[in-house]
Amino acid sequence: MEIFTLLETLEECLERAKTIPFTQKSIVDKEEILDIIKEIRIKLPDELKQAKWVKEERGKILVEAQKEADGIVKEAENRIISMIDEHEITKKAYEQKAQIIETANEMSREISKGTKEYADNILEKVQSALQEALATVENNRKELK
């Protein structure tokens with residue numbers, strides 16, 4: 001991630017800074033530090049956009065999964081209606097209907113669960129990256145003060 005590279009560069013600038021004798025203070029190139037912070041600000045919105053995109057994609061996948069499940073259920077119902085000619089066929093049709101509906105619901109649950117886990121993992125990674133970046137910036141600001 002580019003943000004981490006920029007944060008590492010910021011840390012390197014602070015580590016290279018000359019210290020003032022008998023103090024914990026350092027002399028840094030203000031322009032260089034400000035340029036790096038500006039770059040971080042420019043890159044950070046991309047990370048947030050990516051998190052928003054993941055959330056939107058998760059919603060789309062869930063909607064598609066529900067549509068697919070509804071389509072499977074509708075298809076099962078249509079098949080059953082066409083098989084009502086005889087009692088035995090009707091009995092088998094009801095059994096198949098229940099099985100197909102259960103299978104469709106199971107698939108829907110699995111797809112939904114997998115989608116939620118995937119989106120949650122991506123959001124967790126993005127959150128972690130943003131927290132690390134924020135912690136680093138806060139530590140660097142503390143060191144600068």
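Quick note: the coordinates plus some simple rules give every number you see, no bench work behind them. Note that this is a predicted model, so its numbers are computed, not measured. Glycine gets a Cβ as well: all are built from the backbone with ideal geometry, and neighbour counts include every protein chain shown.
Counting other C-beta atoms within 10 Å, and keeping those with at most 13, which DSSP coil GluC sites (Glu not before Pro) do you find in region 56-137?
Here the GluC sites (Glu not before Pro) that fit, given the DSSP loop and packing criteria, are E86.
Strictly over 28 Å apart at the Cα level, which of K67/K116; K67/K97; K91/K116; K91/K113 would you flag in this model?
K91/K116; K91/K113
Just flag the trypsin sites (Lys or Arg not before Pro) in region 17-103 sitting in loop per DSSP whose Cβ has no more than 15 other Cβ atoms within 10 Å.
Counting only loop positions with at most 15 other Cβ atoms within 10 Å, the trypsin sites (Lys or Arg not before Pro) in region 17-103 are K25.
Can you give me the distance in nm between label points at E68 and S82, each placed 7 Å from the Cα along the Cα-to-Cβ direction?
2.3 nm
Would you list, by chain and number, the aspartates and glutamates whose Cα falls below 20 Å from the Cα of K43, excluding same-chain residues fewer than 8 positions away?
Counting by Cα, and skipping residues close in sequence, K43 has these aspartates and glutamates nearby: E2, E8, E11, E12, E31, E32, D35, E124, E132, E138.
Under 5 Å between amide hydrogens, which residues at least 5 positions from S26 or on another chain qualify, with H placed 1.01 Å from N in the peptide plane?
I20
Among F4, F22, rank each residue by its count of other Cβ atoms within 10 Å, from fewest to most, as a rough exposure measure.
Final ranking by Cβ density, sparse to dense: F22, F4.
How large is ³J(HN,Hα) for each residue in region 63-72, as worked out from phi by the Karplus curve 6.51 cos²θ - 1.76 cosθ + 1.60 (θ = phi - 60°), to whole Hz, x for Gly and Pro?
5, 4, 4, 5, 4, 4, 4, 4, x, 5
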